[in-house]
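The values are calculated or read from the model by the stated rules, or taken from the named source; none is laboratory data. Computed from a prediction, not measured in an experiment: that's the story for all the values here. Note that each Cβ is placed from the backbone with ideal geometry, even for glycine, and that neighbours are counted across all protein chains shown.
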Amino acid sequence: MLSNFVAGSLTTYDSFFLPLLPLRNLSKTKKYKRVLIIDDDQAMANQIQLLLQFDRDLKVSVAQDPFEAMDLMTEHAYDLIVLEWDLPKLNGHETLVAAEKGFKFEPNLPLEWENKKVPVIILSSCEKSKCKPPYTKHFKYLAHVKKTKPISEIVDLLRFHFQRAV
């Protein structure tokens, strides 16, 4: 089953055969870190999710749109968000602002969000200068990764920036 998924989803992107360098142990306890990928390109998001999950310390969730992402954020606190900037319903800026506003009125928000400032990596085919993340209480801009890069390079960059952030 997994081989069918991998073979079917990788035809659009680069080869699956890439050096998989696991992240260093991110915590002294065996607690995993949570990553949320917000991207309407389901094939790419699933591919990134699959490759990141080779790192045993990571639990990766995928949201197809900003509203699904906001629902997931009310269920769990995340340690990293990978945000496609050009989403169809709300762009990246609007997504972060809407999530921030929603946190104020969400009674079931996990307590971990109270003092958390989550690193956000912008994934976009747009130039970095066109992606201007807002300053918010709960989110901090970490990096911009071009979506036009090969998938192996994208995943390596995500790992690199995530290690730098923790």
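Tabulated data for the structure shown
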{"read-out": "Failed condition for Val166, given (1) modelled with pLDDT under 90; (2) farther than 17 Å from Arg34 by Cα; (3) of a type in the set (Val, Ile, Thr)", "value": "(2)"}
{"read-out": "Filtered residues of region 61-85 (kept if surrounded by fewer than 19 Cβ atoms within 10 Å (Cβ to Cβ) and part of a helix (DSSP H, G or I))", "value": "Phe67, Glu68, Asp71, Leu72, Thr74, Glu75"}
{"read-out": "Of residues in region 27-54 being part of a loop (DSSP other than H, G, I, E, B) and out of contact with any strand residue (DSSP E or B) (no Cβ under 6 Å at 6 or more places or on another chain), the one modelled with the lowest pLDDT", "value": "Ser27"}
{"read-out": "Check on Val166, among the hydrophobic types (A, V, I, L, M, F, W, C) and touching a residue at least 60 places away in the same chain (Cβ under 8 Å)", "value": "yes"}
{"read-out": "Cross-chain or 6+ apart pairs with Cβ under 9 Å, region 94-111 first and more than 15 Å from Leu83 (Cα to Cα), then assigned to a loop (DSSP other than H, G, I, E, B) and aliphatic (A, V, I, L, M)", "value": "Gly102/Leu109; Phe103/Leu109; Leu109/Ala77; Pro110/Ala77; Leu111/Ala77"}
{"read-out": "Answer from Ile154, Ile121 - the residue that is buried (at least 20 other Cβ atoms within 10 Å of the Cβ), closer than 24 Å to Lys101 by Cβ and touching a residue at least 40 places away in the same chain (Cβ under 8 Å)", "value": "Ile121"}
{"read-out": "Hits in region 86-100 (condition: crowded, with 17+ Cβ neighbours inside 10 Å and not in a loop (DSSP other than H, G, I, E, B))", "value": "Gly92, Thr95, Leu96, Ala99"}
{"read-out": "Qualifying residues in region 61-87 (those that are among the acidic types (Asp, Glu) and in contact (Cβ under 8 Å) with a residue 60 or more places away in the chain) - the one farthest from Phe162 (Cα to Cα)", "value": "Glu84"}
{"read-out": "Number of the exception - Leu18 against (1) loosely packed, with under 15 Cβ neighbours inside 10 Å; (2) in contact with a helix residue (DSSP H, G or I) (Cβ under 8 Å, 6 or more places away or on another chain); (3) at pLDDT 50 or above; (4) not basic (Lys, Arg)", "value": "(3)"}
{"read-out": "Scope region 145-163; condition over 15 Å from Ile38 (Cβ atoms) and part of a strand (DSSP E or B); matching residues", "value": "Lys146"}
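One line per residue, one yes/no per condition, for (1) surrounded by 14 or more Cβ atoms within 10 Å (Cβ to Cβ); (2) at pLDDT 90 or above; (3) part of a helix (DSSP H, G or I):
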{"position": "Arg56", "(1), (2), (3)": "no, no, no"}
{"position": "Lys59", "(1), (2), (3)": "yes, yes, no"}
{"position": "Gly102", "(1), (2), (3)": "yes, no, yes"}
{"position": "Glu112", "(1), (2), (3)": "no, no, yes"}
{"position": "Cys126", "(1), (2), (3)": "yes, no, no"}
